[in-house]
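Participant: One structure follows; several queries about it will come next.
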Amino acid sequence: MEKDIIIFGKTSVIATNFDSNIDKSINNIIYISRKHKSPNDVICNLGENLQTEELNEIGSRITRISCNSYKIFILFSWSGGPRKYDKDNTNVNRNILKNFLELSKIIKAKKIIFISSAGSVYPESKNYKFKESDKTSAQNKYGQEKLNAEKTIKQFSESEGIKFTILRVSSAFGFDPRFSDQGVINKWLHYAINQNNLQLYNSPDSLINFISFDNVSIALRNSIDLDLEGIFNIGSENSISLQEIINVISTITNRKLDYEILDSKRRYFKIDINKFYNQTGIIFRINPLIDIGNLYKSIIQI
């Protein structure tokens, strides 16, 4: 089925990766962006509290470049991060969500997809693979805002009769030349290359779930193609320790890595990915030596 896919937050690393891998012969991609760089860009500052008249005008612009009646809205855009405490992003994110949902109503979207965060919404003190149906527990302000958004999207979708998919993505890594040091693995590779000391916010034996940008895009494409509905954990089959990551980076870069432990608390970030597997037949696995090795080769070629 040919579709219009409207991307909110086109400059995020995951959105960029998804856009570069989506089949544009059967999908018309429209970008909600603050800058006009392509014919399919619709200028909009999502972080502002847009009024009805402004939203209607943006809706009209989307309609003018629309090609298909089946429209999917994907929200990548979000302000802040799990370890960014310098700014209160509550109002910005509230505006982003409000504008996203209002536009989906104006345009009569058939489905909305939200990129949430698995690493910020589950308890971290228990050695257990959390399922989507388990009780959540925001680990920071970022996680609480994501959970609030999930709840709002679910209520909105049910009241408006719009399908919804929420992807709780684990700690992502991969190559993007614009932000080559974004994410734990990327950042540590840069530290190793520049011979800087690593900083650990948890003990080295902490278990963390990682997934590549490419695999997040595969999960997103399948959620669209298979018309998945509901909440899904998106991550690798198994979590790995921070010490294993350190050892692999040391092997790849041929350097002994020194690190400072800022918090010795052991963190368990483990998720059950069987719901996604049962509906798609796809399991993502991480091979640290190969995956991080390929990322390292991309970084040093910049």
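Participant: Within region 218-237, is there a residue that is in a strand (DSSP E or B), on the phi > 0 side of the Ramachandran plot and at pLDDT 95 or above?
Facilitator: For region 218-237, residues in a strand (DSSP E or B), on the phi > 0 side of the Ramachandran plot and at pLDDT 95 or above: present.
Participant: Mind checking which residues of region 246-278 are more than 27 Å from Gln139 (Cα to Cα) and touching a strand residue (DSSP E or B) at 6+ places or on another chain (Cβ under 8 Å)?
Facilitator: Answer for region 246-278, where residues must be more than 27 Å from Gln139 (Cα to Cα) and touching a strand residue (DSSP E or B) at 6+ places or on another chain (Cβ under 8 Å): Leu257, Asp258.
Participant: Give Asp181, Asp227, Asp214 a once-over and let me know the one that is of a type outside the set (Gly, Ala, Ser), under 27 Å from Ile96 (Cα atoms) and in the same structural domain as Tyr296 (by TED's automatic domain parsing). Explain how you work it out, then say what you get.
Facilitator: Numbers: Asp227 fails: in the same structural domain as Tyr296 (by TED's automatic domain parsing); Asp214 fails: in the same structural domain as Tyr296 (by TED's automatic domain parsing).
Matching residue, one of Asp181, Asp227, Asp214: Asp181.
Participant: Moving on. Scan region 166-188 and give yes if some residue there is of a type in the set (Lys, Arg), out of contact with any Cys (no Cβ under 7 Å at 6 or more places or on another chain) and buried (at least 17 other Cβ atoms within 10 Å of the Cβ), otherwise no.
Facilitator: First, pick out the residues of region 166-188 that are of a type in the set (Lys, Arg): 168, 178, 187.
From the residues that got through so far, the ones that are out of contact with any Cys (no Cβ under 7 Å at 6 or more places or on another chain) too are 168, 178, 187.
Checking which are buried (at least 17 other Cβ atoms within 10 Å of the Cβ) leaves us with 168.
Yes; the residues of region 166-188 include at least one that is of a type in the set (Lys, Arg), out of contact with any Cys (no Cβ under 7 Å at 6 or more places or on another chain) and buried (at least 17 other Cβ atoms within 10 Å of the Cβ).
Participant: Considering only region 124-150, state which residues are in a loop (DSSP other than H, G, I, E, B) and either free of Cβ contacts under 8 Å to residues at least 40 places away in the same chain or hydroxyl-bearing (Ser, Thr, Tyr) (or both).
Facilitator: Within region 124-150, Ser125, Tyr128, Ser133, Asp134, Lys135, Thr136, Ser137, Ala138 qualify.
Participant: Further question on the same structure: Within region 1-28, which residues are farther than 24 Å from Phe175 by Cβ and touching a residue at least 40 places away in the same chain (Cβ under 8 Å)?
Facilitator: Across region 1-28, the qualifying residues are Met1, Glu2, Lys3, Asp4, Ile6, Asn28.
Participant: Right, something else. Which condition from (1) assigned to a loop (DSSP other than H, G, I, E, B); (2) more than 30 Å from Ile7 (Cα to Cα) is the one that Gln199 breaks?
Facilitator: Only one criterion is unmet by Gln199, namely (1).
The values are calculated or read from the model by the stated rules, or taken from the named source; none is laboratory data. Fair warning: this is a prediction, and the values are worked out from it, not measured in the lab. Backbone-built Cβ (ideal geometry, glycine too); neighbour counts: all protein chains shown.
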